[in-house]
Amino acid sequence: MNPPASMPRSSNNRPLATGPGNRFSDVTGLKLGHAQAHGRLTGCSVILAQNDPSGAIAAVDVRGAAPGTRETDLLSSENLVERVHAIVLTGGSAFGLAAVDGVMHCLEEQGVGLETGYGRVPIVPAAVLYDLPVVSVGQDPKIRPDAAMGYAACLDAQANPARVGANQGNIGAGAGATVGKLFGMARTMKGGLGEASVQVGPWIVSAVVACNAVGDVLDPSTGQVIAGARTSDGRQLGDTQAMLLRGERLSRVLPGTNTTIGVIACNARLNKGQAKRLAMSGHDGLARAIRPAHTPYDGDTLFALITNEVTETPDFILLNVMAAEAVARAIVNAVRFASGVQTVEGWIPAMADL
(Lines give C-alpha, C1' and ligand atoms only; values in the text may rest on other atoms or scores of the structure.)
Protein backbone atom coordinates (compact mmCIF):
# COMPACT_ATOMS: atom_id res chain seq x y z
CA MET A 1 0.00 0.00 0.00
CA ASN A 2 1.23 3.46 -0.83
CA PRO A 3 0.38 5.90 1.97
CA PRO A 4 -1.69 8.97 1.10
CA ALA A 5 0.40 11.79 -0.27
CA SER A 6 -0.56 14.04 2.65
CA MET A 7 0.85 11.66 5.26
CA PRO A 8 4.06 13.07 6.82
CA ARG A 9 7.06 11.60 5.00
CA SER A 10 10.71 11.02 5.84
CA SER A 11 13.56 11.68 3.42
CA ASN A 12 13.30 8.16 1.97
CA ASN A 13 9.58 8.73 1.21
CA ARG A 14 8.37 6.32 3.88
CA PRO A 15 5.58 7.49 6.18
CA LEU A 16 7.16 9.32 9.08
CA ALA A 17 8.46 7.01 11.84
CA THR A 18 7.00 3.86 10.25
CA GLY A 19 8.34 0.59 11.67
CA PRO A 20 10.57 -1.68 9.58
CA GLY A 21 7.72 -3.72 8.10
CA ASN A 22 4.76 -1.52 9.04
CA ARG A 23 3.12 -4.59 10.54
CA PHE A 24 2.12 -5.85 13.96
CA SER A 25 4.94 -8.40 14.16
CA ASP A 26 7.56 -5.61 14.06
CA VAL A 27 7.43 -5.97 17.85
CA THR A 28 9.35 -9.22 18.01
CA GLY A 29 8.13 -12.15 20.06
CA LEU A 30 4.47 -11.60 19.15
CA LYS A 31 2.79 -13.68 16.48
CA LEU A 32 -0.45 -13.02 14.60
CA GLY A 33 -2.65 -15.66 13.00
CA HIS A 34 -6.13 -15.96 11.56
CA ALA A 35 -8.90 -18.35 10.65
CA GLN A 36 -12.07 -17.74 8.63
CA ALA A 37 -15.29 -19.67 8.33
CA HIS A 38 -15.80 -21.56 5.06
CA GLY A 39 -19.56 -21.09 5.09
CA ARG A 40 -19.86 -17.45 6.15
CA LEU A 41 -18.10 -14.09 6.28
CA THR A 42 -16.67 -14.28 9.79
CA GLY A 43 -13.45 -15.26 11.50
CA CYS A 44 -11.04 -14.73 14.37
CA SER A 45 -7.50 -13.48 14.89
CA VAL A 46 -5.06 -14.67 17.56
CA ILE A 47 -2.08 -12.79 18.97
CA LEU A 48 0.42 -15.07 20.72
CA ALA A 49 2.82 -13.66 23.31
CA GLN A 50 5.78 -15.99 22.91
CA ASN A 51 8.56 -13.55 23.70
CA ASP A 52 8.72 -15.07 27.20
CA PRO A 53 7.45 -18.46 28.52
CA SER A 54 5.44 -16.54 31.11
CA GLY A 55 3.76 -14.41 28.41
CA ALA A 56 3.62 -10.64 28.05
CA ILE A 57 2.45 -7.89 30.40
CA ALA A 58 -1.04 -6.86 29.35
CA ALA A 59 -3.73 -4.28 29.98
CA VAL A 60 -7.04 -3.24 28.41
CA ASP A 61 -9.13 -0.11 28.01
CA VAL A 62 -12.80 -0.34 27.06
CA ARG A 63 -14.46 2.85 25.78
CA GLY A 64 -17.48 1.66 23.82
CA ALA A 65 -20.78 1.37 25.67
CA ALA A 66 -21.60 -2.15 24.46
CA PRO A 67 -18.50 -4.37 24.74
CA GLY A 68 -18.28 -8.12 24.38
CA THR A 69 -15.23 -9.39 26.23
CA ARG A 70 -13.67 -12.25 28.19
CA GLU A 71 -11.02 -12.22 30.95
CA THR A 72 -10.65 -8.43 30.95
CA ASP A 73 -11.15 -7.97 34.71
CA LEU A 74 -7.89 -9.77 35.48
CA LEU A 75 -6.03 -7.09 33.48
CA SER A 76 -6.84 -4.38 36.03
CA SER A 77 -3.64 -3.11 37.63
CA GLU A 78 -4.79 -4.05 41.15
CA ASN A 79 -5.40 -7.69 40.22
CA LEU A 80 -2.96 -10.57 40.61
CA VAL A 81 -2.28 -11.85 37.09
CA GLU A 82 0.11 -9.59 35.19
CA ARG A 83 0.86 -11.55 32.04
CA VAL A 84 -1.18 -13.19 29.30
CA HIS A 85 -0.27 -15.88 26.80
CA ALA A 86 -2.57 -14.83 23.96
CA ILE A 87 -5.32 -12.41 23.00
CA VAL A 88 -8.23 -13.24 20.72
CA LEU A 89 -10.08 -10.80 18.46
CA THR A 90 -13.15 -12.42 16.96
CA GLY A 91 -16.32 -11.92 15.00
CA GLY A 92 -19.57 -13.70 15.75
CA SER A 93 -20.79 -11.42 18.56
CA ALA A 94 -20.91 -13.17 21.96
CA PHE A 95 -21.00 -16.55 20.21
CA GLY A 96 -17.49 -15.87 18.90
CA LEU A 97 -16.00 -15.99 22.39
CA ALA A 98 -16.07 -19.77 21.96
CA ALA A 99 -12.94 -19.36 19.81
CA VAL A 100 -10.97 -18.73 23.02
CA ASP A 101 -11.56 -22.32 24.11
CA GLY A 102 -9.70 -23.58 21.05
CA VAL A 103 -6.77 -21.27 21.67
CA MET A 104 -6.54 -22.42 25.28
CA HIS A 105 -6.58 -26.09 24.24
CA CYS A 106 -3.87 -25.47 21.64
CA LEU A 107 -1.61 -23.72 24.15
CA GLU A 108 -2.30 -26.28 26.87
CA GLU A 109 -1.16 -29.06 24.54
CA GLN A 110 2.12 -27.18 24.13
CA GLY A 111 2.64 -26.70 27.85
CA VAL A 112 1.93 -22.97 27.76
CA GLY A 113 0.05 -21.36 30.65
CA LEU A 114 0.06 -20.16 34.23
CA GLU A 115 1.33 -22.90 36.54
CA THR A 116 -1.28 -23.62 39.21
CA GLY A 117 0.14 -26.79 40.73
CA TYR A 118 -2.59 -28.83 39.06
CA GLY A 119 -1.81 -27.93 35.50
CA ARG A 120 -1.01 -24.94 33.34
CA VAL A 121 -3.87 -22.57 32.57
CA PRO A 122 -3.37 -20.36 29.48
CA ILE A 123 -4.50 -16.78 30.14
CA VAL A 124 -6.35 -15.61 27.02
CA PRO A 125 -8.43 -12.41 27.15
CA ALA A 126 -10.68 -11.68 24.19
CA ALA A 127 -13.00 -9.16 22.56
CA VAL A 128 -15.72 -9.65 19.96
CA LEU A 129 -17.33 -7.62 17.22
CA TYR A 130 -20.79 -8.04 15.72
CA ASP A 131 -20.81 -9.30 12.12
CA LEU A 132 -23.96 -11.45 12.14
CA PRO A 133 -25.80 -9.55 9.34
CA VAL A 134 -22.97 -10.02 6.82
CA VAL A 135 -24.11 -13.23 5.13
CA SER A 136 -23.74 -14.05 1.44
CA VAL A 137 -26.36 -15.88 -0.58
CA GLY A 138 -26.41 -19.58 0.31
CA GLN A 139 -24.36 -19.13 3.49
CA ASP A 140 -25.48 -20.28 6.93
CA PRO A 141 -26.01 -17.30 9.28
CA LYS A 142 -25.54 -19.60 12.29
CA ILE A 143 -21.90 -20.29 11.45
CA ARG A 144 -19.72 -18.33 13.88
CA PRO A 145 -16.17 -18.58 15.21
CA ASP A 146 -15.89 -21.60 17.50
CA ALA A 147 -13.23 -23.60 19.33
CA ALA A 148 -12.07 -25.31 16.14
CA MET A 149 -11.56 -21.94 14.46
CA GLY A 150 -9.66 -20.59 17.45
CA TYR A 151 -7.43 -23.66 17.46
CA ALA A 152 -6.73 -23.21 13.73
CA ALA A 153 -5.91 -19.51 14.20
CA CYS A 154 -3.50 -20.38 17.02
CA LEU A 155 -1.64 -22.83 14.76
CA ASP A 156 -1.68 -20.27 11.96
CA ALA A 157 0.01 -17.71 14.21
CA GLN A 158 2.77 -20.15 15.05
CA ALA A 159 3.29 -21.09 11.40
CA ASN A 160 3.20 -17.54 9.98
CA PRO A 161 4.86 -15.17 12.47
CA ALA A 162 5.85 -12.55 9.90
CA ARG A 163 3.42 -12.98 7.00
CA VAL A 164 4.03 -9.89 4.86
CA GLY A 165 1.04 -8.07 3.39
CA ALA A 166 -1.47 -10.80 4.21
CA ASN A 167 -2.77 -9.67 7.59
CA GLN A 168 -5.14 -6.99 6.33
CA GLY A 169 -8.58 -6.57 4.84
CA ASN A 170 -11.18 -9.36 4.80
CA ILE A 171 -9.25 -11.70 7.07
CA GLY A 172 -9.63 -13.07 10.57
CA ALA A 173 -11.74 -10.90 12.84
CA GLY A 174 -12.17 -8.43 9.97
CA ALA A 175 -13.74 -10.93 7.55
CA GLY A 176 -17.29 -9.71 8.15
CA ALA A 177 -16.55 -6.21 9.44
CA THR A 178 -18.44 -3.22 8.05
CA VAL A 179 -18.40 0.54 8.71
CA GLY A 180 -20.84 3.45 8.42
CA LYS A 181 -24.07 1.86 9.66
CA LEU A 182 -26.08 4.67 11.25
CA PHE A 183 -28.22 4.95 8.11
CA GLY A 184 -28.74 1.23 7.57
CA MET A 185 -26.90 -1.73 6.07
CA ALA A 186 -27.98 -0.69 2.56
CA ARG A 187 -25.64 2.30 2.83
CA THR A 188 -22.72 0.71 4.69
CA MET A 189 -19.23 -0.13 3.41
CA LYS A 190 -16.75 -2.91 4.05
CA GLY A 191 -14.46 -2.71 7.07
CA GLY A 192 -11.69 -5.15 7.85
CA LEU A 193 -8.50 -5.89 9.74
CA GLY A 194 -5.49 -3.59 9.56
CA GLU A 195 -2.01 -3.41 11.05
CA ALA A 196 0.69 -0.77 11.33
CA SER A 197 3.82 0.07 13.32
CA VAL A 198 5.65 3.20 14.42
CA GLN A 199 9.35 3.32 15.37
CA VAL A 200 11.35 6.09 17.05
CA GLY A 201 14.88 5.13 18.09
CA PRO A 202 14.88 1.58 19.49
CA TRP A 203 11.21 1.71 20.49
CA ILE A 204 8.49 0.19 18.34
CA VAL A 205 4.76 0.42 18.92
CA SER A 206 2.55 -1.62 16.61
CA ALA A 207 -1.18 -2.22 16.34
CA VAL A 208 -3.62 -4.64 14.79
CA VAL A 209 -7.25 -3.50 14.65
CA ALA A 210 -10.50 -5.04 13.44
CA CYS A 211 -12.62 -2.07 12.34
CA ASN A 212 -16.38 -2.68 12.48
CA ALA A 213 -17.42 0.84 13.49
CA VAL A 214 -20.91 2.27 13.36
CA GLY A 215 -19.24 5.54 12.29
CA ASP A 216 -17.13 6.53 9.31
CA VAL A 217 -13.39 5.99 8.84
CA LEU A 218 -11.29 9.09 8.13
CA ASP A 219 -7.73 9.56 6.99
CA PRO A 220 -6.39 11.60 9.94
CA SER A 221 -3.73 13.21 7.75
CA THR A 222 -6.37 14.87 5.55
CA GLY A 223 -9.55 14.75 7.65
CA GLN A 224 -11.36 13.20 4.69
CA VAL A 225 -13.86 10.35 5.03
CA ILE A 226 -12.48 7.34 3.15
CA ALA A 227 -15.10 4.69 4.07
CA GLY A 228 -18.45 4.82 5.82
CA ALA A 229 -22.08 5.63 5.26
CA ARG A 230 -22.94 6.31 1.62
CA THR A 231 -25.38 8.82 0.20
CA SER A 232 -29.01 7.76 -0.18
CA ASP A 233 -28.42 6.58 -3.76
CA GLY A 234 -25.53 4.42 -2.52
CA ARG A 235 -23.14 5.71 -5.16
CA GLN A 236 -20.96 8.12 -3.21
CA LEU A 237 -19.38 8.52 0.18
CA GLY A 238 -21.46 10.49 2.60
CA ASP A 239 -20.32 12.02 5.86
CA THR A 240 -22.14 10.63 8.89
CA GLN A 241 -21.38 13.59 11.12
CA ALA A 242 -22.51 16.11 8.51
CA MET A 243 -25.65 14.11 7.74
CA LEU A 244 -26.51 13.88 11.44
CA LEU A 245 -26.04 17.62 11.92
CA ARG A 246 -28.28 18.29 8.91
CA GLY A 247 -30.99 16.32 10.67
CA GLU A 248 -31.02 13.24 8.43
CA ARG A 249 -32.95 10.48 10.17
CA LEU A 250 -31.08 7.48 11.56
CA SER A 251 -31.82 3.88 10.82
CA ARG A 252 -32.68 1.67 13.79
CA VAL A 253 -29.36 0.59 15.30
CA LEU A 254 -29.12 -1.96 18.08
CA PRO A 255 -26.50 -1.44 20.82
CA GLY A 256 -23.47 -3.69 20.52
CA THR A 257 -23.97 -4.46 16.84
CA ASN A 258 -20.73 -2.80 15.75
CA THR A 259 -17.40 -2.37 17.62
CA THR A 260 -13.73 -1.74 16.81
CA ILE A 261 -11.30 -4.00 18.68
CA GLY A 262 -7.54 -4.28 18.62
CA VAL A 263 -4.18 -4.88 20.25
CA ILE A 264 -1.31 -2.44 20.73
CA ALA A 265 2.17 -3.91 21.20
CA CYS A 266 5.29 -2.20 22.55
CA ASN A 267 8.87 -3.42 23.01
CA ALA A 268 9.73 -1.01 25.88
CA ARG A 269 10.08 -1.94 29.56
CA LEU A 270 6.75 -0.96 31.09
CA ASN A 271 4.66 -2.14 34.01
CA LYS A 272 1.00 -3.11 34.03
CA GLY A 273 -0.15 0.39 34.96
CA GLN A 274 1.84 1.94 32.12
CA ALA A 275 0.44 -0.66 29.74
CA LYS A 276 -3.03 0.55 30.69
CA ARG A 277 -2.06 4.12 29.83
CA LEU A 278 -0.79 2.91 26.46
CA ALA A 279 -4.14 1.25 25.74
CA MET A 280 -5.90 4.45 26.76
CA SER A 281 -3.75 6.48 24.37
CA GLY A 282 -4.57 4.07 21.58
CA HIS A 283 -8.18 5.23 21.85
CA ASP A 284 -7.00 8.74 20.90
CA GLY A 285 -5.93 7.29 17.57
CA LEU A 286 -9.23 5.42 17.26
CA ALA A 287 -11.13 8.68 17.74
CA ARG A 288 -8.98 10.41 15.10
CA ALA A 289 -9.71 7.74 12.50
CA ILE A 290 -13.37 6.96 13.32
CA ARG A 291 -16.19 9.49 13.57
CA PRO A 292 -18.30 9.20 15.66
CA ALA A 293 -16.30 6.92 17.96
CA HIS A 294 -17.06 5.24 21.31
CA THR A 295 -20.80 5.40 20.70
CA PRO A 296 -23.59 3.60 22.59
CA TYR A 297 -23.68 1.17 19.66
CA ASP A 298 -19.97 0.25 19.75
CA GLY A 299 -17.98 -1.84 22.22
CA ASP A 300 -14.61 -0.30 21.34
CA THR A 301 -11.88 -2.23 23.18
CA LEU A 302 -8.09 -1.98 22.92
CA PHE A 303 -5.56 -4.27 24.61
CA ALA A 304 -1.87 -3.51 25.19
CA LEU A 305 0.94 -6.08 25.19
CA ILE A 306 4.40 -5.24 26.54
CA THR A 307 7.43 -7.37 25.64
CA ASN A 308 10.10 -5.58 27.76
CA GLU A 309 12.66 -6.12 25.01
CA VAL A 310 14.37 -2.70 25.03
CA THR A 311 16.12 -1.93 28.29
CA GLU A 312 16.73 1.77 27.60
CA THR A 313 14.25 3.92 29.53
CA PRO A 314 11.74 5.46 27.11
CA ASP A 315 10.04 8.82 27.11
CA PHE A 316 6.59 7.62 28.10
CA ILE A 317 4.80 10.53 26.44
CA LEU A 318 6.51 9.54 23.19
CA LEU A 319 5.16 6.00 23.53
CA ASN A 320 1.66 7.36 24.08
CA VAL A 321 1.92 9.42 20.90
CA MET A 322 3.21 6.38 19.01
CA ALA A 323 0.34 4.22 20.27
CA ALA A 324 -2.29 6.66 19.04
CA GLU A 325 -0.56 6.94 15.67
CA ALA A 326 -0.23 3.17 15.23
CA VAL A 327 -3.91 2.60 15.97
CA ALA A 328 -5.05 5.35 13.60
CA ARG A 329 -2.87 3.98 10.77
CA ALA A 330 -4.06 0.42 11.39
CA ILE A 331 -7.69 1.54 11.11
CA VAL A 332 -6.99 3.30 7.82
CA ASN A 333 -5.27 0.16 6.52
CA ALA A 334 -8.25 -1.96 7.59
CA VAL A 335 -10.49 -0.23 5.06
CA ARG A 336 -7.81 0.37 2.42
CA PHE A 337 -7.15 -3.37 2.13
CA ALA A 338 -10.80 -4.46 2.40
CA SER A 339 -12.70 -5.99 -0.52
CA GLY A 340 -16.36 -5.52 -1.35
CA VAL A 341 -18.73 -8.43 -0.70
CA GLN A 342 -22.12 -9.55 -1.98
CA THR A 343 -24.61 -10.30 0.80
CA VAL A 344 -28.27 -11.29 0.98
CA GLU A 345 -29.04 -7.61 1.58
CA GLY A 346 -27.01 -6.42 -1.40
CA TRP A 347 -23.52 -5.38 -2.39
CA ILE A 348 -21.30 -3.89 0.32
CA PRO A 349 -18.57 -1.93 -1.46
CA ALA A 350 -15.06 -1.37 -0.20
CA MET A 351 -13.06 1.82 -0.31
CA ALA A 352 -11.44 0.73 -3.59
CA ASP A 353 -14.86 0.30 -5.23
CA LEU A 354 -15.76 3.96 -4.77
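Over the chain, with a Gaussian network built from C-alpha contacts below 10 Å, which listed residue (LEU318, LEU286, LEU305) shows the highest mean-square fluctuation?
Looking only at LEU318, LEU286, LEU305, the largest GNM fluctuation is found for LEU318.
How much accessible surface does THR257 have with a 1.4 Å probe, in Å² rounded to 10?
Rounded to the nearest 10, the figure is 30 Å².
Run down the aspartates and glutamates and flag those whose C-alpha is under 18 Å from the C-alpha of LYS190, throwing out any fewer than 8 positions away in its chain.
ASP131, ASP216, ASP219, ASP233, ASP239, ASP298, ASP300, GLU345, ASP353
Round to the nearest 0.05 the FRET efficiency obtained for THR313 and ALA94 when R0 = 56 Å and r is the Cβ-Cβ distance.
In this case the efficiency is close to 0.85.
Applying 1/(1 + (r/R0)^6) with R0 = 30 Å to the Cβ-Cβ distance of THR28 and GLN224, what FRET efficiency is obtained, to the nearest 0.05?
Working: r = 34 Å, r/R0 = 1.15.
Calculated value: 0.30.
With a ≥ b ≥ c the root eigenvalues of the C-alpha gyration tensor of the stretch 111-211, is it rounded (a/c under 1.5), prolate (a/b larger than b/c) or oblate? Write out the running numbers ahead of the final one.
On the way: a/c = 2.22, a/b = 1.33, b/c = 1.67.
It is oblate, given that a/c is not under 1.5 and a/b is not larger than b/c.
Residue-wise, which Karplus ³J(HN,Hα) couplings in Hz belong to the stretch 245-254, taking 6.51 cos²θ - 1.76 cosθ + 1.60, θ = phi - 60°, and x for glycine or proline?
Result, rounded to whole Hz: 6, 7, x, 5, 6, 6, 6, 6, 10, 8.
Skipping prolines and chain starts, which residues have an amide H placed within reach, meaning under 5 Å, of the one on LEU305, given they are 5 or more residues away or on another chain?
The list, which skips near neighbours in sequence, is ILE264, ALA265, CYS266.
Could you tell me whether the stretch 119-168 comes out rounded, prolate or oblate from its Cα gyration tensor? Rule is a ≥ b ≥ c as square roots of the eigenvalues, rounded for a/c under 1.5, then prolate if a/b exceeds b/c, otherwise oblate.
oblate
What distance in nm separates the two pseudo spin-label positions at GLN236 and SER76, each 7 Å out from Cα along the beta-carbon direction?
Distance between label points: 5.0 nm.
Normalised by the empirical 2.2 N^0.38 Å for globular proteins, what value does the Cα Rg of the stretch 142-281 take?
Numbers: Rg = 17.8 Å, N = 140, 2.2 N^0.38 = 14.4 Å.
Compactness ratio reported: 1.24.
Please list, or write none, the aspartates and glutamates whose alpha carbon is within less than 18 Å of the alpha carbon of LYS272, excluding same-chain residues fewer than 8 places away.
Within the straight-line cut-off, LYS272 pairs with ASP52, ASP61, GLU71, ASP73, GLU78, GLU82, GLU309, GLU312, ASP315.
List the cysteines in the chain whose Cβ has no other cysteine Cβ under 4.7 Å from it.
Unpaired cysteines in the chain: CYS44, CYS211, CYS266.
Tally Lys/Arg at +1 and Asp/Glu at -1 over every other residue whose Cβ is under 10 Å from the Cβ of ALA94; what's the total? Mind dumping the intermediate values first?
Working: positive: ARG70, ARG144; negative: none.
Around ALA94, the charge tally is +2.
Divide, for the stretch 208-265, the radius of gyration over alpha carbons by 2.2 N^0.38 Å, where N is the residue count.
1.27
With a point put 7 Å past each Cα toward its Cβ, work out how far ALA148 is from ALA352 in nm, to one decimal.
Going by the 7 Å Cα→Cβ label model, 3.0 nm.
Rounded to whole Hz and in sequence order, give me ³J(HN,Hα) for the stretch 235-240 from the Karplus expression 6.51 cos²θ - 1.76 cosθ + 1.60, θ = phi - 60°, writing x for Gly and Pro.
9, 9, 5, x, 8, 3
Describe numerically, in nm with one decimal, the distance between label points set 7 Å from Cα along Cα→Cβ at TYR118 and at HIS38.
Spacing of the two 7 Å Cα→Cβ label points: 3.8 nm.
If eta is 1.567 mPa s and T is 4 °C, what Stokes-Einstein diffusion coefficient results for the stretch 219-354, Kirkwood Rh from Cα pairs, in µm²/s?
77
Please give me, ordered by residue number, the GluC sites (Glu not before Pro) of the stretch 31-128 that lie in loop per DSSP and have at most 11 other Cβ atoms within 10 Å.
Details: sites: GLU71, GLU78, GLU82, GLU108, GLU109, GLU115; in loops: GLU71, GLU78, GLU82.
Here the GluC sites (Glu not before Pro) that fit, given the DSSP loop and packing criteria, are GLU78.
Chymotrypsin sites (Phe, Trp or Tyr not before Pro), restricted to the stretch 21-127: which are DSSP loop and have at most 16 other Cβ atoms within 10 Å?
When the chymotrypsin sites (Phe, Trp or Tyr not before Pro) of the stretch 21-127 are filtered for loop state and at most 16 Cβ neighbours within 10 Å, TYR118 remain.
Could the peptides 347-353, 322-328, 295-301 be put in order, highest first, of the mean number of other beta-carbon atoms found within 10 Å of their residues? Could the numbers behind the result be given before it?
Details: 347-353: 18.4, 322-328: 29.4, 295-301: 24.0.
Going from most to least packed, we get 322-328, 295-301, 347-353.
Mind checking which helices in the chain clear 27 Å along their axis (Cα) and have mean Kyte-Doolittle hydropathy of 1.0 or more, DSSP H runs only?
316-336
For the chain, taking Cα atoms only, what is the radius of gyration to one decimal and the Dmax to the nearest whole Å?
Values for the chain (Cα only, Rg and Dmax): 18.8, 63 Å.
What is the Cα centroid distance between the stretch 160-237 and the stretch 16-57, reported in whole angstrom?
So the two Cα centres are separated by 17 Å.
Counting helices only, and only those DSSP H runs with n ≥ 4, report the 222 nm mean residue ellipticity of the chain as the sum of -39,500 (n - 2.57) divided by its residues, in deg cm²/dmol to the nearest 500.
Working: 5 runs with 69 residues, N = 354.
Rounded to the nearest 500, the figure is -6500 deg cm²/dmol.
The values are calculated or read from the model by the stated rules, or taken from the named source; none is laboratory data. What you see is a predicted model; the values in this text were computed from it and never measured. FYI the Cβ positions are ideal-geometry reconstructions off the backbone, even for glycines, and counts take in every protein chain you see. The accessibility values were calculated without ligands, DNA or RNA, using every heavy atom of the protein model including side chains. Shrake-Rupley method; radii C 1.70, N 1.55, O 1.52, S 1.80 Å.
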